[in-house]
Amino acid sequence: MHPWQDEDTVVIWFIIGLILVLLLSIAFVFLLKANYKKHLKNKIIIKDLRLKHIKKLELTSVETQEKERKRIGSDLHDSVINSLNILYLKSQSGLSEEVMVDNIQETILLTRRISHDLNPPLLEYENIEHLLKDLLNQWNAFYNIHFYISKQEDFSLNTDQKMHLMRIVQELMSNIYKHAQASMIHFNLRLSNKFFIFSMIDNGKGFDYDKRSPGLGLKNIQVRSDILNANFKYKQEKSSGTVFLFLLKRDPV
């Protein structure tokens with residue numbers, strides 16, 4: 001009889017095989033357990049980072065809102081109250097009724113713009129394209145504004161998302177008003193079921209975004225874009241104005 005055919009030898013090799021299989025199974029279980037612990041640890045780390053990021057955004061957002069309130073108060077003082085004081089002085093100097101009416105209308109426009117910034121009307125019910133067009137129309141007295149829209153399908157937005165988008169565009173208009181010395185603005189909006197994209201182009205003096213220290217306005221845009229999980233970019237146009245590009249993707253279902 002061949003040694004390999006001996007019954008005791010077969011039993012021994014069978015036992016050895018079982019031991020090897022058992023050792024491999026134990027090693028595999030330990031490996032799975034180690035990978036699971038590592039995965040769980042990474043998951044906890046990612047969760048902590050997200051919570052810290054959200055907390056940082058909330059703190060920055062609160063700070064931004066407080067600064068916005070101060071800025072609105074400054075706008076009321078510098079724009080509306082100043083215009084009313086000038087109107088009062090002009091009324092005492094005997095100017096013509098036509099001149100006074102023009103000044104009153106300009107003050108009304110300023111007041112309406114600040115009021116619109118504080119609380120955009122029909123935010124919950126209106127489509128975002130109508131809200132943005134209405135917002136830009138508030139500036140028609142100051143700029144030649146061209147509004148273009150390419151709409152394939154509705155990009156559904158909740159009230160908070162609309163508010164953040166409105167605030168971003170308001171901030172862009174405020175920056176143009178304060179710094180750009182522009183006369184014309186092109187606003188291009190593209191909507192589909194997956195993307196919300198807009199570009200805003202002015203013919204002002206332009207600026208180098210990469211070399212400019214971020215002020216409140218730019219920080220506000222950054223914070224709101226982060227909350228929306230959106231991306232934006234300034235294109236450097238020193239001689240012919242500034243180009244602002246914005247992209248918001250629909251979250252995958």
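Read-outs throughout are calculated quantities, based only on the coordinates presented, and are distinct from any laboratory measurement. Computed from a predicted model, the values in this text were never measured in an experiment. Don't worry about glycine lacking a Cβ; one is built from the backbone with ideal geometry, like all the others, and counts go over all protein chains shown.
How would you rank 153-159, 45-51, 222-228, highest first, on the average number of other Cβ atoms within 10 Å across their residues? Write down the numbers at each step before the final one.
Details: 153-159: 12.7, 45-51: 10.0, 222-228: 18.3.
In descending order of packing, they fall as 222-228, 153-159, 45-51.
I'd like to compare 130-143, 162-175: which one has the highest average count of other Cβ atoms within 10 Å, and what's the full order after that? Could the numbers behind the result be given before it?
Values: 130-143: 16.4, 162-175: 20.4.
Per-residue Cβ counts within 10 Å, averaged per peptide and sorted highest first, yield 162-175, 130-143.
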